[in-house]
Amino acid sequence: MRKLAIGAAVSGALALTGLIAPAASAADTPDLVFSGVTVNNGKAIVAGTTATVKVPVTYTMVHPADLTIDYENDLAGVMLYRGTLKSMQNEIEPDLMPSCTSTTTDNTVTESCKETLTIDPEDYLYSASDATTWKAGGFYSTSERDDDGSDGHIGFGFHFDAWGPLGSVQVKRAAKVTADASPEPVKKGRTITVTGKLSRADWAKSTYTGYVSQKATLQFRAKGSSTYSAVKTVTSGTGGALRATTTASKDGYYRYIFAGTSTTGAATAAGDYIDVR
């Protein structure tokens, strides 16, 4: 799919609509209808601090047959935004043109489209406030540019329309959890201490920081088994520290799991093996 300059276009549109662009009249509004918007297959978007997240979006777009969308001078698609259409606190747009299957009936084109939102946390997620419910919105923009300048003149015209909300999706901070069981080896019947740390993405600092006062479950899987079972639940302390004790009974693996919250994704530690003698 061809890469677009939608990011700059939409960002510019938002600035223009808030600063210098006059309100569009009903006659200027394109006859475009978006429906059936599904973001990330209906699941929450979980983002860390550096890894890019690819978010699939599907939708239906209906427009008159005489409205040409060439994805050069004319752009259309679905974006995510936080806040309201009038006052967007943050927004994420596609940077590739969608893949659409078109059907024309009675001078109306119905397009079933798939697009991808590419979310780089360092570019789009700035603070804990972004870990919330975002709305989906359809947009259409058209531009005219004369930047030759050889005739002593340059000009730029831009028109932007957005519709929403057309659905919603939760954006969450990614979490990490670790587990370290000791002593090792240990005699059967002795006490095992399992320490660890629960942390989550801090988008403002581009790092992971301790997540305190959160429940995490210590689990055990016996050697030769494929199933973990719960041992006990503990609460993360200072810096996200986790600590639990249990009695050594057999060889196996200990790990912590974190179920997640409304703002933070789930996490599972790698199992740490204990040799019981």
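Miscellaneous remarks
- The residues of region 167-184 that are assigned to a loop (DSSP other than H, G, I, E, B), at pLDDT 95 or above and over 17 Å from the mean Cα position of the chain (by Cα), listed by number, are T178, A179, P183.
- Top-ranked residue in region 79-95 [being in a loop (DSSP other than H, G, I, E, B) and touching a Phe, Trp or Tyr at 6+ places or on another chain (Cβ under 9 Å); ranked as surrounded by the fewest Cβ atoms within 10 Å (Cβ to Cβ)]: L85
- Of all residues in region 71-78, at least one satisfies being under 17 Å from K114 (Cβ atoms) and surrounded by fewer than 20 Cβ atoms within 10 Å (Cβ to Cβ).
- Some residue of region 253-264 being over 30 Å from Y124 (Cβ atoms), surrounded by fewer than 19 Cβ atoms within 10 Å (Cβ to Cβ) and among the charged types (D, E, K, R): no
- Test: residue in region 25-42 that is at pLDDT 95 or above and either over 26 Å from T133 (Cβ atoms) or hydroxyl-bearing (S, T, Y) (or both): yes
- Evaluation of R190 against (1) surrounded by 18 or more Cβ atoms within 10 Å (Cβ to Cβ); (2) not assigned by TED's automatic domain parsing to the domain that holds E93 (one fails), failing number: (1)
- For G157, the conditions (1) modelled with pLDDT of 95 or more; (2) surrounded by fewer than 20 Cβ atoms within 10 Å (Cβ to Cβ); (3) within 37 Å of the chain's Cα centre (by Cα) all hold with the exception of (1).
- All positions within region 141-153 that are of a type outside the set (S, T, Y) and surrounded by 11 or more Cβ atoms within 10 Å (Cβ to Cβ): R145, D146
- Residue list for region 145-166, restricted to those being among the acidic types (D, E) and not in a strand (DSSP E or B): D147, D148, D151
- The listed residues are S249, S226, S206, S213, and the only one of them that is polar (S, T, N, Q), in contact with a helix residue (DSSP H, G or I) (Cβ under 7 Å, 6 or more places away or on another chain) and surrounded by fewer than 17 Cβ atoms within 10 Å (Cβ to Cβ) turns out to be S206.
- T142, sole failed condition from (1) at pLDDT 95 or above; (2) part of a strand (DSSP E or B); (3) of a type in the set (V, I, T): (1)
- Residue satisfying condition, being at positive phi and in contact with a Ser or Thr (Cβ under 8 Å, 6 or more places away or on another chain), within set S236, S206, S199: S206
- Test: residue in region 56-73 that is among the aromatic types (F, W, Y) and either within 29 Å of K172 (Cα to Cα) or in a strand (DSSP E or B) (or both): yes
The values are calculated or read from the model by the stated rules, or taken from the named source; none is laboratory data. Since the model is a prediction, treat every value here as computed from it, not as a measurement. With ideal geometry, Cβ positions are generated from the backbone for all residues, glycine too; neighbour counts draw on all protein chains shown.
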